[in-house]
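Chemist: Got a structure here, written out as structure tokens. Questions coming.
The values are calculated or read from the model by the stated rules, or taken from the named source; none is laboratory data. Remember, it's a predicted structure, so these values are computed and weren't measured experimentally. Positions of Cβ are generated from backbone atoms using ideal geometry, with glycine treated the same way; all protein chains shown enter the neighbour counts. Protein only, heavy atoms only, side chains kept; ligands, DNA and RNA dropped before computing areas. Shrake-Rupley method; radii C 1.70, N 1.55, O 1.52, S 1.80 Å.
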Amino acid sequence: DSDFFGYEIGCFTTIDSCIPLEKDLRQAGFRLIYIMSQNKLRYNYIDLMDEKAFLKCEIDSNNLTIQKSTESFNPSIHSKQELLELNLKSGIFSRFYKDENFSNAEYEKLYNKWIVNCLEDNDNFEILVKIINSNIAGFVALKVKENSLDIQLLAVDPLFRGLGIGSLLSPAMGICPES
């Protein structure tokens, strides 16, 4: 991340939700620090921009099926520009958009790079789209691993939100057992 953004980025992992004091964090010289914890962090002197949640379940990647109403993104049929624009719309909920400390178009740079990497690496990524009236109503970019899927990006066009498209595109809905 440091090379991509052009400034120092650090990572601090804690198992008991204790983190260094603000002065210690500032003295470390990082402009951005990822703080990883299994427990909730609540501190007045740190602006926490988001939380990342993990859903983990065993899957058989050989038996994955694509929902009938979705399809794999195909650049000869679907608009790459439309996909890129929808990807940027989805990022408005991310820390890279919400955090005022990002001031060099980091959000746009990151989200554009992210989706382009998914598009270019067909061996490791799958992009599924939901088409409504010839428009990409939503998409999910999945990183396919031997026994898991990582949702990289999930976006639904604001015009089509509230219709269950995000759930339709989420592989967890059909793969993981109900908890």
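Chemist: Could you give P(r) for region 70-128, binned at 5 Å from zero, as whole percent values over all Cα-Cα pairs?
Modeler: Taking all Cα pairs of region 70-128, the binned fractions are 4, 17, 27, 22, 15, 9, 5, 1 percent.
Chemist: So, R0 is 22 Å and r is the distance between the beta-carbons of Lys40 and Ser94; what FRET efficiency does that work out to, to 0.05?
Modeler: Details: r = 20 Å, r/R0 = 0.90.
With a Förster radius of 22 Å, E is 0.65.
Chemist: Label-point separation (nm) for Gln81 and Asn124, each offset 7 Å from Cα along Cα-to-Cβ?
Modeler: Distance between label points: 3.0 nm.
Chemist: Do the alpha carbons of any pairs in Lys40/Lys143; Lys89/Lys143; Lys80/Lys130 sit beyond 25 Å of each other, and which pairs? Before the final figure, lay out each step's value.
Modeler: Details: Lys40/Lys143 27 Å; Lys89/Lys143 21 Å; Lys80/Lys130 14 Å.
Flagged as over cut-off: Lys40/Lys143.
Chemist: Once amide H atoms are built 1.01 Å from N in the peptide plane, which residues 5 or more positions from Ala137, or in another chain, come under 5 Å H to H?
Modeler: Correct list: Lys130, Ile131, Ile132.
Chemist: Under a point spin-label approximation (7 Å from Cα along Cα-to-Cβ), what is the Ile15-Asp3 distance to one decimal in nm?
Modeler: 3.1
Chemist: Okay, next question. Carbon and sulfur together cover what percent of the accessible area of region 89-129 at a 1.4 Å probe radius?
Modeler: Values: 1090 of 2410 Å².
Ligands and nucleic acids excluded, carbon and sulfur give 45 percent.
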